[in-house]
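Read the structure below first, then the notes.
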Amino acid sequence: MRKFAPATLAVILGLSLAAPSRAGVLSVMLTTPQGRPAPNAVVTVRPQGLVAHGPIRFPWPYRMAQKDMQFLPYVLIVPVGAEVAFPNQDPFKHHVYSFSASKPFELKLYSRDETRTVRFDRTGVISLGCNIHDDMTAFIRVVDTPFAIKSGARGEAEIRDIPAGPAILTVWHPFQKGRGGETTRQISIPASGALNLAIALDLRAAPLRRGGY
């Protein structure tokens, strides 16, 4: 399997590991059954014996912008407790909302260069919409593990410095068929080197986007 440039992993504050100190790499290639890349999949790993104390930090911004009548990024990963900014960068108003069980909320009409924020205090998937522009959709995946990454345009995902030993791998995608849009499997992280996996995701067709998309 080809190697990819490493994706930056979370900076973990106050992390305590009950697992061995040796660590390895997980490298995953995500595709459709037809072999096409599957971007925007969220890959998370939960090692056995991991106890995290203190907040989890990821290096990307906790921001879901509204620009060109779409949400950017389409999928955002944040840790539990994160406060996410929702800046409006369009020359017209937006009305952001979610009916998701883990965090229903509503940000009523606000204009260009205004920002609203929401704190996400439960794990889960947050489906976003705009009450003014029906084609605007996006997703926030709230996680409680520092070992998380989103697949890139070519379907590649890599997580480094995972404690060696048994772990649970979860792959979520907004259009993956099956309960909750996710699949899980037991894996074993090597003490050195990389575990390379190729996973085909059974995805529904993405909805057509109109308007400013």
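What to note about this one:
- Evaluated over the chain, the Cα radius of gyration and Dmax, each in Å: 17.8, 53
- Fully extending the segment from Lys177 to Thr115, taken as 0.36 nm per residue of separation minus the present Cα-Cα distance, adds 18.9 nm.
- GNM flexibility winner over the chain from Pro59, Pro87, Pro37 (Cα, springs under 10 Å): Pro59
- Taken as Cα centroids, segment 72-102 and segment 31-52 sit 22 Å apart, rounded to the nearest whole angstrom.
- Mean projected area of the Cα convex hull of segment 90-160, taken over all directions, amounts to 6.3 nm².
- Only Lys, Arg (+1) and Asp, Glu (-1) charged, at Cβ; segment 59-143 dipole about Cα centre in debye: 220 debye
- Subtracting the Cα-Cα distance of Arg46 and Ala205 from their residue separation scaled by 0.36 nm leaves 54.3 nm.
- DSSP finds beta bridges in segment 59-143, and of those with both partners inside it, around 75 percent are antiparallel.
- Between Glu106 and Ala85, the contour length at 0.36 nm per residue exceeds the Cα-Cα span by 6.2 nm.
- Each other residue within a Cβ distance under 12 Å of Tyr97 adds +1 if Lys or Arg and -1 if Asp or Glu, for a net charge of +1.
- Ignoring aspartates and glutamates fewer than eight residues from Lys177 along the same chain, the ones with Cα atoms less than 14 angstrom from its Cα are Asp202.
- Taking label positions 7 Å along the Cα-Cβ direction at both Arg63 and Asp161, the computed distance is 2.4 nm, reported to one decimal.
Bear in mind that the values in this text are calculations on the coordinates, not laboratory data. Since the model is a prediction, treat every value here as computed from it, not as a measurement. Positions of Cβ are generated from backbone atoms using ideal geometry, with glycine treated the same way; all protein chains shown enter the neighbour counts.
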